[in-house]
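**Q** Quick one: structure below, then a few questions.
The values are calculated or read from the model by the stated rules, or taken from the named source; none is laboratory data. Just so we're clear, the structure is a prediction, and the values are computed from it rather than from any experiment. Note: ideal-geometry Cβ built from the backbone for every residue, glycine included; neighbour counts use all protein chains shown. Side chains included, ligands, DNA and RNA excluded: accessible areas come from the protein's heavy atoms. Shrake-Rupley method; radii C 1.70, N 1.55, O 1.52, S 1.80 Å.
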Protein chains: 2
Amino acid sequence: MRIVVLAGGIGGARFLLGVRAWAENHHQVTAIVNTGDDLVIHGLRICPDLDSVMYTLGGGADPERGWGRRDESWVVKEELARYGAEPTWFGLGDRDIATHLIRTRMLAAGYPLSAVTEALCQRWKPGIRLLPMTDDRVETHVVTGGQAMHFQEWWVRHRASLPAERFVFVGADQAKPAAGVLDAIAEADLILIAPSNPVVSIGPILAISGIAEAVRGGNAPVIGFSPIIGDAPVRGMADRCLAALDVKVSAEGVGQMYGARSAGGLLDGWLVDSVDAETEVPGVTVLARPLWMTDEAETARMVADAVALAGLAS
Amino acid sequence: MRIVVLAGGIGGARFLLGVRAWAENHHQVTAIVNTGDDLVIHGLRICPDLDSVMYTLGGGADPERGWGRRDESWVVKEELARYGAEPTWFGLGDRDIATHLIRTRMLAAGYPLSAVTEALCQRWKPGIRLLPMTDDRVETHVVTGGQAMHFQEWWVRHRASLPAERFVFVGADQAKPAAGVLDAIAEADLILIAPSNPVVSIGPILAISGIAEAVRGGNAPVIGFSPIIGDAPVRGMADRCLAALDVKVSAEGVGQMYGARSAGGLLDGWLVDSVDAETEVPGVTVLARPLWMTDEAETARMVADAVALAGLAS
């Protein structure tokens with residue numbers, strides 16, 4: 001079976017561990033990963049979501065912090081601060097910097113981000129195929145107090161404390177899906193939407209022209225996983241993002257935001273947590289099962305539920 | 001008094017410690033530093049000689065190794081090696097990388113190297129003015145076995161073991177002296193040539209069009225310090241460089257290579273070590289005094305000798 005997963009960073013990475021465990025070399029998995037959070041810091045191109053997925057699946061992620069590298073050190077960051085080099089609020093670890101140096105150099109040499117990601121994965125061997133949503137520059141900006149700032153500044157520097165009025169995916173209308181993205185969707189037997197932030201992780205992917213259309217118009221069933229359990233995000237601050245869109249912070253709110261494929265939306269099936277069993281999304285089959293990704297086996301079980309919900313045999 | 005020093009890296013840095021000690025805030029010192037050794041590694045612009053001088057005068061240099069930062073760590077380098085990223089033979093320390101990140105970013109933003117150097121020196125406060133010889137790209141290449149390679153590859157990777165046929169300062173004929181260089185020379189009361197490698201440290205500086213002419217044609221007396229004591233370099237591998245030019249590895253050989261200003265060369269005076277008292281350079285006043293730069297006080301004494309040789313009162 002060929003499975004395509006739309007995913008963001010940390011939550012997406014954790015979800016993909018379960019997908020990989022479920023697939024167990026019998027199925028091909030392709031992750032299409034958000035790059036709207038990407039930024040250039042100290043001249044280095046950082047891809048937080050791609051790196052979270054790559055490090056996590058490659059066994060190099062820090063399990064406590066949730067982002068960045070295991071056994072990280074911070075010498076370069078300290079030195080940059082001693083020079084007074086801004087910004088200081090973004091955590092660039094020494095091990096992490098090696099990744100960014102290679103990426104930045106390859107991009108400067110003319111390689112597209114998809115090729116750079118493939119090259120980096122030769123070391124990490126994530127066991128699935130990682131594709132950036134686009135090889136073009138797309139940046140998620142947050143409008144707050146009438147002014148736009150880069151998503152990372154809002155998220156990391158301000159801890160999402162400034163009220164978001166709206167999100168803008170700058171460049172998304174001109175961006176093309178990265179090499180391989182549309183083919184992967186077209187050839188998929190199943191498309192999963194990870195329980196990532198629907199606004200700023202899945203949102204930018206769907207904003208790239210052609211991707212939502214391909215998902216909606218393809219043959220593969222589309223099963224989504226709710227990132228909200230009860231009235232709170234599984235992790236992260238999706239609630240503060242949903243507020244800007246006037247979407248109710250609930251499995252039902254997000255499910256209805258995605259909408260039924262039969263009604264011009266995205267979903268055929270919607271996995272919600274057992275506590276959200278009363279969720280209704282018109283035109284979408286809702287299945288309530290525990291959605292806490294407590295470990296790989298439990299997350300793999302969630303994937304098995306999605307496969308069953310899609311009417312596919314594993 | 002305004003003193004201008006032409007200098008290379010590690011030996012130049014040690015010499016400049018003595019010049020600064022001699023000057024003791026009563027005199028202005030400007031160092032014009034070789035950038036022919038500069039290179040781009042992993043996308044970072046490295047200026048080995050400028051950094052050696054800046055770190056040494058700023059108290060941040062590693063005193064054992066002679067280059068790079070004190071208390072250095074090597075995490076980024078190890079990670080780059082794990083990615084298989086080439087080259088691996090150039091030592092990029094974590095602390096050092098912060099300097100290169102700032103420099104590379106500022107250069108990319110359009111600042112000339114002279115302005116970048118001034119900005120970096122706001123942290124290091126070297127107590128003298130540091131100028132790169134040029135803001136343009138000039139690279140010293142070594143022709144060996146009929147093929148040219150970057151000086152650093154020959155010097156660091158091959159430890160100068162491949163016989164050098166000649167040295168080429170690529171770009172020197174088009175390069176202009178950096179902002180401030182010609183003014184500093186024109187306004188100088190005394191010009192010192194540090195006991196740096198005459199071929200690959202002082203040579204590139206003099207190859208920038210206009211610099212040698214300004215030194216030769218200016219009002220300031222020019223006093224050089226022999227980098228050779230007896231038949232060996234004070235430090236480094238100047239002997240392997242001199243061989244390519246058929247210059248005798250001696251204080252006399254190097255002095256004659258520089259030549260008398262009165263005869264179209266550079267020197268008015270030539271400081272040699274006491275063991276080289278019989279040195280003769282036609283048209284140049286030779287003074288034999290101990291030239292081992294054992295500490296700052298001893299090096300300052302050498303500078304005082306040069307001031308006296310130039311007929312100037314300190």
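**Q** Go through the range A:78-94 and report how many residues are within 8 Å of chain B (Cβ to nearest Cβ) and either crowded, with 21+ Cβ neighbours inside 10 Å or outside any helix (DSSP H, G or I) (or both).
**A** Qualifying residue count for the region: 6.
**Q** Looking only at the range A:97-107, count how many residues are in contact with a strand residue (DSSP E or B) (Cβ under 7 Å, 6 or more places away or on another chain), open to solvent by 10 Å² or more (accessible area, probe 1.4 Å) and either more than 7 Å from chain B (Cβ to nearest Cβ) or among the aromatic types (Phe, Trp, Tyr) (or both).
**A** Within the range A:97-107, residues that are in contact with a strand residue (DSSP E or B) (Cβ under 7 Å, 6 or more places away or on another chain), open to solvent by 10 Å² or more (accessible area, probe 1.4 Å) and either more than 7 Å from chain B (Cβ to nearest Cβ) or among the aromatic types (Phe, Trp, Tyr) (or both) number 1.
**Q** B:THR285 versus (1) open to solvent by less than 50 Å² (accessible area, probe 1.4 Å); (2) under 23 Å from B:LEU190 (Cα atoms); (3) among the β-branched types (Val, Ile, Thr): which is the lone unmet condition?
**A** Result: B:THR285 fails condition (1) only.
**Q** Scan the range A:216-231 for residues that are of a type in the set (A, V, I, L, M) and buried (at least 24 other Cβ atoms within 10 Å of the Cβ) and jot them down.
**A** A:VAL222, A:ILE223, A:ILE228
**Q** Now for a different question. Could you run through the range A:52-72 and say how many residues are without any contact (Cβ under 8 Å) to a residue 40 or more places away in the chain and outside any loop (DSSP other than H, G, I, E, B)?
**A** Within the range A:52-72, residues that are without any contact (Cβ under 8 Å) to a residue 40 or more places away in the chain and outside any loop (DSSP other than H, G, I, E, B) number 1.
**Q** While we're here: How about the range B:259-281: which of its residues are open to solvent by 70 Å² or more (accessible area, probe 1.4 Å) and assigned to a helix (DSSP H, G or I)?
**A** The first filter runs over the range B:259-281 and keeps only residues open to solvent by 70 Å² or more (accessible area, probe 1.4 Å), leaving B:262-263, B:275, B:278, B:280.
Of everything in the range B:259-281, those that are open to solvent by 70 Å² or more (accessible area, probe 1.4 Å) and assigned to a helix (DSSP H, G or I) turn out to be B:SER262, B:ALA263, B:VAL275.
**Q** Also: For the subset of the range B:6-48 comprising residues that are assigned to a helix (DSSP H, G or I) and open to solvent by 10 Å² or more (accessible area, probe 1.4 Å), which member is farthest from B:ASP96 (Cα to Cα)?
**A** We begin by selecting, within the range B:6-48, every residue assigned to a helix (DSSP H, G or I); these are B:10-23, B:48.
Right, trim to open to solvent by 10 Å² or more (accessible area, probe 1.4 Å) and you get B:10-11, B:14, B:17, B:20-22, B:48.
Details: B:ILE10: 15, B:GLY11: 19, B:ARG14: 19, B:LEU17: 21, B:ARG20: 24, B:ALA21: 26, B:TRP22: 29, B:PRO48: 10 Å.
The selected residue is B:TRP22.
**Q** Applying the selection to the range B:155-197, what residues are open to solvent by 20 Å² or more (accessible area, probe 1.4 Å), part of a helix (DSSP H, G or I) and hydrophobic (A, V, I, L, M, F, W, C)?
**A** Scanning the range B:155-197 gives B:TRP155, B:VAL156, B:LEU182, B:ALA186.
**Q** Checking A:GLY66 against (1) away from chain B (no Cβ under 13 Å); (2) at pLDDT 95 or above: exactly one of these is not met. Which one?
**A** Every listed condition holds for A:GLY66 apart from (2).
Yes/no per residue for (1) assigned to a helix (DSSP H, G or I); (2) modelled with pLDDT of 95 or more:
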{"position": "A:ILE223", "(1), (2)": "no, yes"}
{"position": "A:ARG235", "(1), (2)": "no, no"}
{"position": "A:GLY283", "(1), (2)": "no, yes"}
{"position": "A:TRP292", "(1), (2)": "no, yes"}
{"position": "A:THR299", "(1), (2)": "yes, yes"}
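**Q** All but one of (1) within 18 Å of the chain's Cα centre (by Cα); (2) without any contact (Cβ under 8 Å) to a residue 60 or more places away in the chain; (3) more than 30 Å from B:SER161 (Cβ to Cβ) hold for B:ASN219, so report the exception by its number.
**A** Just one mismatch for B:ASN219, condition (1).
**Q** Return the total of residues in the range B:108-124 being touching a residue at least 24 places away in the same chain (Cβ under 8 Å), open to solvent by less than 10 Å² (accessible area, probe 1.4 Å) and within 14 Å of another protein chain (Cβ to nearest Cβ).
**A** Total satisfying the criteria: 2.
**Q** Kindly list, by first and then second residue, each pair from a residue in the range B:131-151 that is in contact (Cβ under 8 Å) with a residue 24 or more places away in the chain and under 19 Å from B:GLY12 (Cβ atoms) to a residue that is open to solvent by less than 10 Å² (accessible area, probe 1.4 Å) and part of a strand (DSSP E or B), limited to pairs with Cβ atoms under 7 Å and residues at least 6 apart or on different chains.
**A** Short answer, once both residue conditions are applied: B:LEU131/B:ALA31; B:LEU131/B:ILE32; B:LEU131/B:VAL33; B:PRO132/B:VAL33; B:MET133/B:ILE32; B:MET133/B:VAL33; B:PHE151/B:THR140; B:PHE151/B:VAL142.
**Q** Taking the condition of being within 14 Å of chain B (Cβ to nearest Cβ), out of contact with any strand residue (DSSP E or B) (no Cβ under 7 Å at 6 or more places or on another chain) and more than 20 Å from A:GLY180 (Cα to Cα), how many residues in the range A:41-59 meet it?
**A** 7
**Q** With respect to A:VAL200, determine if the residue is touching a strand residue (DSSP E or B) at 6+ places or on another chain (Cβ under 8 Å), touching a residue at least 60 places away in the same chain (Cβ under 8 Å) and assigned to a helix (DSSP H, G or I).
**A** yes
**Q** What's the number of the only condition in (1) aromatic (Phe, Trp, Tyr); (2) open to solvent by 50 Å² or more (accessible area, probe 1.4 Å); (3) under 19 Å from the mean Cα position of the chain (by Cα) that A:TYR55 fails to meet?
**A** Condition (2) is where A:TYR55 drops out.
**Q** From the list B:SER250, B:SER274, B:SER262, which one is touching a strand residue (DSSP E or B) at 6+ places or on another chain (Cβ under 6 Å) and farther than 24 Å from B:THR144 by Cα?
**A** Matching residue, one of B:SER250, B:SER274, B:SER262: B:SER274.
**Q** A:GLY127 - would you say it is surrounded by fewer than 20 Cβ atoms within 10 Å (Cβ to Cβ), within 14 Å of chain B (Cβ to nearest Cβ) and assigned to a loop (DSSP other than H, G, I, E, B)?
**A** no
**Q** Now, a different point. Going through the range B:198-215 one residue at a time, which ones are open to solvent by 20 Å² or more (accessible area, probe 1.4 Å) and either at positive phi or modelled with pLDDT of 95 or more (or both)?
**A** B:LEU206, B:ALA207, B:GLY210, B:GLU213, B:ALA214
**Q** Follow-up. How many residues does the range A:288-297 hold that are under 23 Å from A:GLN28 (Cβ atoms) and open to solvent by 40 Å² or more (accessible area, probe 1.4 Å)?
**A** The qualifying residues number 2.
**Q** In the set B:ALA243, B:ALA238, which member is out of contact with any Phe, Trp or Tyr (no Cβ under 6 Å at 6 or more places or on another chain) and open to solvent by less than 10 Å² (accessible area, probe 1.4 Å)?
**A** The conditions single out B:ALA238.
**Q** Name the single residue that is surrounded by the fewest Cβ atoms within 10 Å (Cβ to Cβ) among those in the range A:137-154 being assigned to a loop (DSSP other than H, G, I, E, B) and under 17 Å from the mean Cα position of the chain (by Cα).
**A** A:ARG137
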